[in-house]
Amino acid sequence: GGRRGEVLRLSREHVPAKEEERKRIERAGGMVAAFPDEPPPEVTGKGRVFVAGEMYPGLAVSRAFGDLVAKSVGVTADAEVTFTEIEERHAVVIIASDGVWDVTTSEEAVATCLSYLDKKDAVLAAAELVEGARAQWENFQAEAIEQGSNLESFPIDDISAVVAFL
């Protein structure tokens, strides 16, 4: 992010419903769908990775590491690498999991981190991002429970972030 709060995206979302990701998953014997109680990928633009004809593993990202079943059906740990020249106007780099980005806009994340720029306290900036995302997930969870869902049907996603000031 920039010193004035502008956002420079260094990556794109790696979700199963994106055409390039879906093709790789389907070529490997996987399918992109949603759990029965979720809207379909055509509506959300996201989807989950499943073994064709099965309802597992249900991973909501198309690039990850550590899940051997997901790997067998096209989820890859291969990173998309981009290069960006760092300029004076750049102030912060934020690396975070989908548990942060699903509930926090890039603009909100940059604004949060910039509030720690003077002290260059990347640890506190990352902690605030994670805590804010956790609170959002807990609010969504509480709303789902109020509407009759049980706790198991609305888990809180993984939430992690690393912040570096430039």
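Using θ = phi - 60° and the Karplus relation 6.51 cos²θ - 1.76 cosθ + 1.60, list the HN-Hα couplings for the stretch 108-116 in order, rounded to whole Hz, with x at every Gly or Pro.
4, 5, 5, 4, 4, 5, 5, 5, 10
Taking every DSSP beta bridge that has both residues in the chain, what percent is antiparallel when rounded to the nearest 5?
90 percent
What FRET efficiency do you get for MET55 and ARG3 if R0 is 45 Å and r is their Cβ-Cβ distance, rounded to the nearest 0.05?
So the FRET efficiency works out to roughly 0.45.
Once neighbouring chains are kept in place and the probe is 1.4 Å, which whole percent of the accessible area of the chain is contributed by carbon and sulfur?
55 percent
For ASP157 and GLU131 in one chain, what is 0.36 nm times their gap in residues minus the Cα-Cα distance, to one decimal in nm?
8.1 nm is the gain from fully extending ASP157 to GLU131.
To the nearest µm²/s, what D does Stokes-Einstein give for the stretch 1-65 at 10 °C and 1.306 mPa s, using the Kirkwood radius over alpha carbon pairs as Rh?
In µm²/s, the coefficient is 125.
Mind pulling the angle between the C-alpha long axis of helix 122-146 and the longest principal axis of the chain? Nearest 10 degrees, somewhere in 0 to 90.
40 degrees
Given the chain, what count of lysine pairs have C-alpha atoms under 20 Å apart, with each pair 8 or more places apart or on different chains?
Lysine pairs meeting both conditions in the chain amount to 5.
Once phi is turned into θ = phi - 60°, what whole-Hz ³J(HN,Hα) does the Karplus curve with 6.51, -1.76 and 1.60 give for every residue of the stretch 31-47, x standing for Gly and Pro?
Listing the rounded values in order: 9, 10, 7, 9, 5, x, 8, 10, x, x, x, 5, 8, 8, x, 10, x Hz.
Cα centroid distance between the stretch 101-143 and the stretch 26-87, in Å?
After rounding, the separation between the Cα centres reads 25 Å.
As a test of understanding, state the convex hull volume per residue of the chain from its alpha carbons, in Å³.
Here the figure is 127 Å³ per residue.
Taking N as the number of residues in the stretch 101-162, what is its alpha-carbon radius of gyration divided by 2.2 N^0.38 Å?
After normalising by residue count via 2.2 N^0.38 Å, the value is 1.31.
Report the charge-dipole magnitude of the stretch 12-64 in Debye, nearest 20, computed about the Cα centre from +1 at each Lys and Arg Cβ and -1 at each Asp and Glu Cβ.
260 debye
Output needed: percent of Cα pairs per 5 Å distance bin for the stretch 22-110, bins running from 0 to the one holding the longest distance.
Distribution as computed: 3, 12, 19, 19, 17, 12, 8, 6, 3, 1, 0 percent.
If I model a spin label at GLU80 and ASP121 as a point 7 Å from the Cα along the Cα→Cβ vector, what separation in nanometres do I get?
Between GLU80 and ASP121, the simple spin-label model gives 3.5 nm.
Can you give me the distance in nm between label points at ALA111 and SER149, each placed 7 Å from the Cα along the Cα-to-Cβ direction?
2.5 nm
Where the only charges are on Cβ atoms (+1 Lys, Arg; -1 Asp, Glu), what is the dipole of the chain about its Cα centre, to the nearest 20 debye?
Using only the charged Cβ atoms, the result is roughly 520 debye.
How many nm separate the modelled label positions at ALA164 and VAL69, each set 7 Å beyond the Cα in the direction of the Cβ?
The modelled label-to-label distance comes out at 3.5 nm.
Starting at the first residue of the stretch 8-25, write each ³J(HN,Hα) from the Karplus equation 6.51 cos²θ - 1.76 cosθ + 1.60 with θ = phi - 60°, in whole Hz, x for Gly and Pro.
Ordered by residue, 3J(HN,Hα) equals 10, 6, 9, 8, 10, 5, 9, 10, x, 6, 4, 3, 4, 5, 4, 4, 4, 5 Hz.
The values are calculated or read from the model by the stated rules, or taken from the named source; none is laboratory data. The shown structure was predicted, so the numbers you read here are calculated from the model rather than taken from an experiment. No Cβ is skipped: glycine too gets one built from the backbone with ideal geometry, and neighbour counts run over all protein chains shown. All accessible areas refer to the heavy atoms of the entire protein, side chains included, with ligands and DNA or RNA removed. Shrake-Rupley method; radii C 1.70, N 1.55, O 1.52, S 1.80 Å.
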